[in-house]
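> Pasting a structure here, questions to come.
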Amino acid sequence: MSISAEEKVCYLREAAIVLAKEGFQLDEVHTDRLCILLDGSPLCEVTGSGGVAYRNEDIDEPERIAAKDKVYEIVRTTAEYMRQMEMAPFLKADGLEDGYKVLADFNGTVLAGVQSKHGVHFVTWDWAYGHTGVCHGHYFMENYAGAKQDFAIRSGLIQKERLFTPEQMTEIYRCCADSVDGDFFELTGEQEKMIRSVQQQIEECVPDLDERIRQQEEALEQVAQQQTM
């Protein structure tokens, strides 16, 4: 499906807002692309079609490769919901301001988005009064992933018990690390492979995993120091 010039401009504007909030620097402003900087030097370009272009010499270090990958994940998600916003019907409900669009609707729950000067904001509601109104809003601002997960749980698409919180996944990750890196267990090759795959999955699900682990370790050190006093 072709993308109109107006859709490209809207998408790039939204991508610029999200990337700036994530700490990325933007170089010159173009109508067909975004030039992304890292530490003042070129990293990659975001295209108007939702892709990322880069030169190998600009991602010659592990941290720059990781930054490029993060840009890609951000723009892929942004392109997803911007396509939805473009095609979605307006949400009609008594007492609700204009502008909200229906991104998903199932089993009495609706996921909606609205364009603002700070980017697209998301919310989930329960339908009320015979689908003429909405209630019990859960507001997620620019957190599209959180809004989608909330919609899936509220609508019954996913059982809440099947999901782990970031705190739970961090602790699971630590236990996995103790299992494969410590001398507590004798693991078969298949067991170690399975545990490594669990760790990799958690790394993808918890973007700030390293920071969470660091905070846990600092907390454990503080407890240990208090106990020795």
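> In which sequence would 140, 164 go, from the one with the fewest C-beta neighbours within 10 Å to the one with the most?
The most exposed by this proxy come first: 164, 140.
> Got a sec? Charge dipole of the chain, +1 on Cβ for Lys and Arg, -1 for Asp and Glu; which of 56, 135, 168 is way out at the positive end?
135
> What is segment 89-160 by shape, rounded, prolate or oblate, if you read a ≥ b ≥ c off the alpha carbon gyration tensor as root eigenvalues and call it rounded for a/c under 1.5, prolate for a/b larger than b/c, and oblate otherwise?
Judged from the Cα gyration tensor, segment 89-160 comes out oblate (a/c at least 1.5, b/c at or above a/b).
> Can you compute the charge dipole magnitude of segment 5-86 about its Cα centre, using +1 on each Lys and Arg Cβ and -1 on each Asp and Glu Cβ, nothing else charged? Give it in debye, rounded to the nearest 20.
For this selection, approximately 220 debye.
> Note the direction-averaged projected area, equal to a quarter of the hull surface, for the Cα convex hull of the chain, in nm².
18.7
> May I ask which residue of 89, 223, 42 lies farthest towards the positive end of the charge dipole of the chain, with charges of +1 (Lys, Arg) and -1 (Asp, Glu) on Cβ and the Cα centre as origin?
It is 89, whose Cα lies furthest towards the positive end.
> When the chain is modelled as a GNM with alpha-carbon springs shorter than 10 Å, which of 169, 141, 87 fluctuates the most?
Of 169, 141, 87, the most mobile in the Gaussian network model is 169.
> If neighbour count is taken as other Cβ atoms inside 10 Å, put 198, 52 in order from fewest to most.
The most exposed by this proxy come first: 198, 52.
> Moving on. For the pair residue 27 and residue 57, how long in nm is the line joining their label points, each one 7 Å along Cα→Cβ?
It is 1.2 nm.
> Along the charge dipole of segment 89-160, pointing to its positive end and built from +1/-1 on Cβ of Lys, Arg, Asp and Glu, which listed residue (152, 114, 124) has its Cα farthest out?
Value: 152.
> Please check: in the Gaussian network model of the chain (C-alpha springs, under 10 Å), which one of 42, 207, 89 has the largest mean-square fluctuation.
207
> Could you state the number of Å between the C-alpha centres of segment 100-172 and segment 179-213?
So the separation of the two Cα centres works out to 30 Å.
> Now for a separate question. Per the helix-only calculation at 222 nm, which mean residue ellipticity applies to the chain, given -39500 (n - 2.57) for every DSSP H run of n ≥ 4 and division by its residues, nearest 500 deg cm²/dmol?
The per-residue figure over the chain is -16000 deg cm²/dmol.
> Specify the angular offset, from 0 to 90 degrees and rounded to the nearest 10, of the alpha carbon long axis of helix 166-181 from the longest principal axis of the alpha carbons in the chain.
Tilt relative to the chain: about 30 degrees.
> Compute, for the chain, the length of the dipole vector about the Cα centre, with Cβ point charges of +1 (Lys, Arg) and -1 (Asp, Glu) only. Units Debye, rounded to 20.
So the dipole magnitude of the chain works out to roughly 1020 debye.
> When averaged across all projection directions, what area in nm² does the alpha-carbon convex hull of segment 142-229 cover?
Taking a quarter of the hull surface, the average projection is 8.3 nm².
> Quick one: helix 5-21 against the long Cα principal axis of the chain, what's the angle to the nearest 10°, folded into 0 to 90?
With rounding to tens, the tilt is 40 degrees.
> Please count, across the chain, the pairs of lysine residues with Cα atoms under 17 Å apart that sit 8 or more places apart or on different chains.
Here the count comes out as 8.
> What angle, in degrees between 0 and 90 and rounded to the nearest 10, separates the Cα long axis of helix 144-154 from the longest principal axis of the Cα atoms of the chain?
So the inclination is approximately 90 degrees.
> Turning to a different aspect of this structure: Just check segment 179-226 against the gyration tensor rule for me: Cα atoms, a ≥ b ≥ c as the square roots of the eigenvalues, rounded for a/c under 1.5, and otherwise prolate or oblate depending on whether a/b exceeds b/c.
It is oblate, given that a/c is not under 1.5 and a/b is not larger than b/c.
No lab work stands behind these numbers, since they all come straight from the coordinates. None of the values given here were measured: they were computed from a predicted structure. Cβ sites come from the backbone with ideal geometry, for glycine too, and all protein chains shown count toward neighbours.
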